[in-house]
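The block underneath contains the structure these notes are about, expressed in structure tokens.
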């Protein structure tokens, strides 16, 4: 599966901590030895100042296959849900929520009733699972994300969301980071619910994959960047809506307080409708990681170069081989870079990579799974260059061209403006 283990680690070493403290990156060759450092060393040296972006919650679901989730982080709700007219019975333990032994949580919906569970409509027809962090962890502001692959089929309703504390819905608030209903395979929704704008009257928007792609075909990262009086939603680093109190038409904004996290896979209900003859069971919501990073509105930091533009992952596409380019700074995750403890520079869970392990002038850089190879190591110093030590060459804007989408490459360090980089 295309689920790089390194993706789960990138939030733990934040480039903003590594670079903001020094406010610059530079060429090892052009500086005295005591000013040159790897990205990892810089991150460690400035760890005391890393409060700007700290991981406060993380679950990478490591453990043996079949094990239940970590009970210090999650609790499982049990029973049915008459409020939405859902059809499933939520079970405890590892019956419908278990680790797969490869660093993922699998929530499984089955058409079964092994224990004669009773639901609001009579004998239950389906089982599934719903997990929350109530009483164990709450967030108030920060970057909240999960990387998941959703199920497919009529009647499926996976969700990653939050409820305000203490719960008094809708007055206490609800933030839906991601919901998908099976009859819309290419679309997910992000929604706010509160007093006077709940249920079908929630405030939100949808995000649709291009070209008829289905979310069930692969993993995607769903996130919100949450600050006082502002919540921004993104999919794979692409922002698709921001909500503020101005969107509520004078109604109360109830999102400046702690919320807890919820993951669940519902079957049926008012919104998705019930499964039909086309729905294949079992169906699975596969969760690669969940993390909460507080402080900065998004993890990592922008790296600016020629004409004040940013180092950017083209199209916010996390696929291997995606070009890394120069682009207008826009604050999305495609432009937020962190320093790995191994000397890598990372965005969207993958590494800044010199294509083909090349060392020649003009070799382009790209995004790639973190492999630990020398073509993914970078040295940073106070001369404001970024150097690949294997090639002994600098990160360079091709042709000194400040136009959007200009490809980045490595080139012999010259001290020119197209090789100078700063943070912010």
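The values are calculated or read from the model by the stated rules, or taken from the named source; none is laboratory data. Everything numeric in this text was worked out from a predicted model, so none of it was measured. FYI the Cβ positions are ideal-geometry reconstructions off the backbone, even for glycines, and counts take in every protein chain you see.
Tabulated data
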{"item": "Selected residue [crowded, with 21+ Cβ neighbours inside 10 Å and over 23 Å from residue 163 (Cα atoms)] from 275, 282", "result": "275"}
{"item": "Options 343, 331, 300, 372; residue that is at pLDDT below 85 and closer than 29 Å to residue 73 by Cα", "result": "300"}
{"item": "Qualifying residue in region 312-324 (condition: part of a loop (DSSP other than H, G, I, E, B) and under 20 Å from residue 420 (Cα atoms))", "result": "no"}
{"item": "Test result for residue 201, in contact with a strand residue (DSSP E or B) (Cβ under 9 Å, 6 or more places away or on another chain) and free of Cβ contacts under 8 Å to residues at least 12 places away in the same chain", "result": "yes"}
{"item": "Test: residue in region 221-237 that is touching a helix residue (DSSP H, G or I) at 6+ places or on another chain (Cβ under 6 Å), surrounded by fewer than 16 Cβ atoms within 10 Å (Cβ to Cβ) and over 28 Å from residue 98 (Cα atoms)", "result": "yes"}
{"item": "Checking residue 102 against (1) over 29 Å from residue 195 (Cβ atoms); (2) part of a strand (DSSP E or B), the condition it does not meet", "result": "(2)"}
{"item": "Strands (runs of 3 or more DSSP E) within region 223-302 that include 1 or more residues under 16 Å from the mean Cα position of the chain (by Cα) and free of Cβ contacts under 8 Å to residues at least 60 places away in the same chain", "result": "230-235, 238-243"}
{"item": "Every pair of residues 6+ apart whose Cβ atoms lie under 7 Å, when the first sits in region 153-182 and is under 21 Å from residue 205 (Cβ atoms) while the second is modelled with pLDDT under 95 and not in a strand (DSSP E or B)", "result": "164/257"}
